[in-house]
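Accompanying notes for the structure given below.
Just so you know, all these numbers are worked out from the coordinates, no wet-lab data involved. Quick caveat, the model's predicted, so the values are computed rather than measured. Glycine gets a Cβ as well: all are built from the backbone with ideal geometry, and neighbour counts include every protein chain shown.
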Amino acid sequence: MVPLNSYLILSGILFAIGTAGVFLRRNLITVLLSIEIMLNAVNLSFVAIGRYLGSVDGQIITFFVMTVAAAEAAVGLALVIALFRHRETLSPDAYTSLKW
Amino acid sequence: MDTIAFYIFAAIAILASLGVIGQGNPMHSVMLLIVSFGALAGLYILLQAPFTAVTQIIIYAGAIMVLFLFVVMLLNVPREEPVPLTAAGLLGPTTMKIGAVLSVVLAIEVVWGLSRLGPTWFSQDAEAAGVSSVARIGNVLFTDHAFAFEATSILILVAMVGAVVIARREH
């Protein structure tokens, strides 16, 4: 059997990978993908701890996190499309001014 | 058996996630992220959460990632600048260096802290195993969390309208 610790360690490693992606990548779409990795890492700890506590709430909140992730992806990708129309690039360094 | 499956799924998830942030083609990144989500769904099944595993496949791999793929194809994004996970990428601008260091520190902290605790085992009795049946989830979702569920529908409506308005072409 696998203890709870292993799931939490895996979740922490995935979250760190997501964080590294947000900082290292110069591409808005990949930054959004890294955020999805981080959300999934958190989901994994929710489900693992819910299983440990014998409670169903961990899966319920995972369900809500997925819903929020869907909304975030829709709005975020719409923003990416709008930004790409203005500047023809996806590098975050190109978007340093609030208004143009 | 469970242990072997856990380590296989964990290795797939970590390697695929590293691949997502490690290479320049956004299309390949999306594909690798789908692989990672599949491995996570396997882990949910090991945790006796089949409903969450199926939701993971249908909503994440099926819907959200297809949305990402649409945008990648729509924008026809060229490959970005050289792969950042090389030594040159890590020694790049200061912000990137700080970010990489912070995320490595985070991983080390989590691994160190959790491995100093003794192993915490899941309970094995049938009552705990049956906790995540779909019937039970639906029962709790539509009674205790009914308000959050309804609020979610408004959130999705707002996100849908917002996405349409933001991405609309201005004349």
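Put simply, the range B:10-75 fits an ellipsoid with semi-axes of 23, 15, 4 Å; these come from the alpha carbon gyration tensor as the roots of five times its eigenvalues, largest first.
Rounded to two decimals, what is Rg over Rh for the protein assembly as shown when you use alpha-carbon atoms and the Kirkwood radius? Write down the numbers at each step before the final one.
Numbers: Rg = 19.5 Å, Rh = 19.7 Å.
Ratio of gyration radius to Kirkwood radius: 0.99.
Placing a pseudo-label 7 Å from each Cα along the Cα-to-Cβ vector at B:Val158 and B:Ile108 gives an inter-label distance of 4.1 nm.
Given a cut-off of under 8 Å on Cα pairs at least six residues apart, what relative contact order in percent is computed for chain A? List each step's numbers first, then the result.
Details: 83 pairs, mean separation 27.8, N = 100.
So the answer I get is 28 percent.
Here the residues B:Ile45, B:Ile21, B:Ile137, ranked from fewest to most Cβ neighbours within 10 Å of their Cβ, fall in the order B:Ile45, B:Ile137, B:Ile21. Computed over the Cα atoms of the range A:4-45, pair by distinct pair, the Kirkwood hydrodynamic radius stands at 10.1 angstrom.
Of all complete DSSP H helices in chain A, those with a Cα span along the helix axis of 24 Å or greater and a mean Kyte-Doolittle hydropathy of 1.6 or more are A:4-24, A:28-53. Using the number of other C-beta atoms within 10 angstrom as an exposure proxy, rank A:Glu36, A:Glu88, B:Glu109, B:Glu170 with the fewest first. Fewest-to-most ranking of A:Glu36, A:Glu88, B:Glu109, B:Glu170: B:Glu170, A:Glu88, B:Glu109, A:Glu36.
Ranked for footprinting exposure by Cβ neighbours inside 10 Å, fewest first, A:Thr89, A:Thr30, A:Thr96, A:Thr67 give A:Thr96, A:Thr89, A:Thr67, A:Thr30.
Using label points projected 7 Å from each Cα along Cα→Cβ, tell me how many nm separate B:Phe142 and B:Leu67, to one decimal. It works out to 2.5 nm between the two label points. Inter-part distance, the range B:101-116 to the range B:1-54, computed on C-alpha centroids, equals 21 Å. Here the ratio of the Cα radius of gyration of chain A to 2.2 N^0.38 Å is 1.33.
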